[in-house]
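For reference, the structure I am asking about is given below.
The values are calculated or read from the model by the stated rules, or taken from the named source; none is laboratory data. Small disclaimer: the values here were computed from a predicted structure and weren't measured. Backbone-built Cβ (ideal geometry, glycine too); neighbour counts: all protein chains shown.
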């Protein structure tokens with residue numbers, strides 16, 4: 001009996017030793033992965049994306065289930081215009097961490113670059129589900145819808161973005177473009193004016209205000225806004241002035 005108890009104690013001690021070694025090794029691996037990711041992130045602050053990827057590769061080799069390493073590497077690949085590689089990494093990161101809203105945002109951007117506009121809309125929609133008051137997601141989705149000529153859908157998204165962030169100059173400008181495509185030039189002018197009130201050097205908004213006035217056959221007002229845009233450096237405004245405005 002004594003020998004049996006001794007054997008049991010020895011087994012328990014061995015198991016405890018194994019557990020402690022496993023825990024120690026695991027902790028060291030976790031710290032190593034974090035160091036790799038931090039070093040990679042530092043590389044990205046100096047635009048050394050290739051160097052960053054080398055660190056993220058090491059992090060993934062150490063822990064293939066560390067989602068942050070994939071999302072960081074995806075961003076670096078995106079900056080290097082390796083959109084297919086970025087897409088794969090973003091998708092892996094989502095598999096490992098399906099609630100990370102920023103990863104969906106990144107993947108939507110990559111899908112847009114790859115001309116997968118419907119896929120981009122799906123990811124931006126997922127962002128709005130996970131983060132309902134994210135104005136940028138609505139504005140970005142609106143841009144894709146406008147690209148697909150869904151101007152009514154784009155207008156709705158821009159309006160939601162403005163509802164969430166009333167000082168969103170870009171959303172006002174984009175909504176103005178959508179209204180213009182829907183032949184609502186007066187409504188477009190209102191939005192362009194709001195955009196320039198929020199962003200006084202928004203040359204594109206001044207230029208498109210001129211276009212909206214021209215569509216309304218108010219050439220005098222159109223030329224006034226084109227000149228304002230030209231003063232801010234909008235090249236297209238110079239061309240419109242030469243063509244339609246009497247100097």
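For residues that are over 17 Å from residue 111 (Cα atoms) and in contact with a helix residue (DSSP H, G or I) (Cβ under 8 Å, 6 or more places away or on another chain), tally how many sit in segment 59-71.
Qualifying residue count, segment 59-71: 9.
So residue 182 fits all but one of (1) within 24 Å of residue 121 (Cα to Cα); (2) touching a residue at least 24 places away in the same chain (Cβ under 8 Å); (3) buried (at least 23 other Cβ atoms within 10 Å of the Cβ); what number is the exception?
(3)
Please give the helices (runs of 4 or more DSSP H) falling wholly within segment 165-247 in which 1 or more residues are out of contact with any strand residue (DSSP E or B) (no Cβ under 7 Å at 6 or more places or on another chain) and not assigned by TED's automatic domain parsing to the domain that holds residue 154.
185-198, 203-215, 219-231, 235-244
Related question: Among the residues of segment 212-247, write down those that are surrounded by 21 or more Cβ atoms within 10 Å (Cβ to Cβ) and either at pLDDT below 95 or closer than 18 Å to residue 170 by Cβ (or both).
212, 229, 234 - these are the residues of segment 212-247 that are surrounded by 21 or more Cβ atoms within 10 Å (Cβ to Cβ) and either at pLDDT below 95 or closer than 18 Å to residue 170 by Cβ (or both).
Spot the failing condition for residue 152; the list is (1) assigned to a helix (DSSP H, G or I); (2) assigned by TED's automatic domain parsing to the domain that holds residue 29, and only one is missed.
If we test residue 152 against (1) assigned to a helix (DSSP H, G or I); (2) assigned by TED's automatic domain parsing to the domain that holds residue 29, just (2) comes out false.
Could you count how many residues in segment 156-172 are buried (at least 24 other Cβ atoms within 10 Å of the Cβ) and in contact (Cβ under 8 Å) with a residue 24 or more places away in the chain?
Step one: filter segment 156-172 for residues buried (at least 24 other Cβ atoms within 10 Å of the Cβ), giving 157-158, 161, 171-172.
Next cut, in contact (Cβ under 8 Å) with a residue 24 or more places away in the chain only: 161, 171-172.
Final tally of qualifying residues: 3.
Which one of 35, 48 is modelled with pLDDT under 95 and over 19 Å from residue 103 (Cα atoms)? I'd like the intermediate steps shown before the answer.
Details: 48 fails: modelled with pLDDT under 95.
Sole residue among the options that is modelled with pLDDT under 95 and over 19 Å from residue 103 (Cα atoms): 35.
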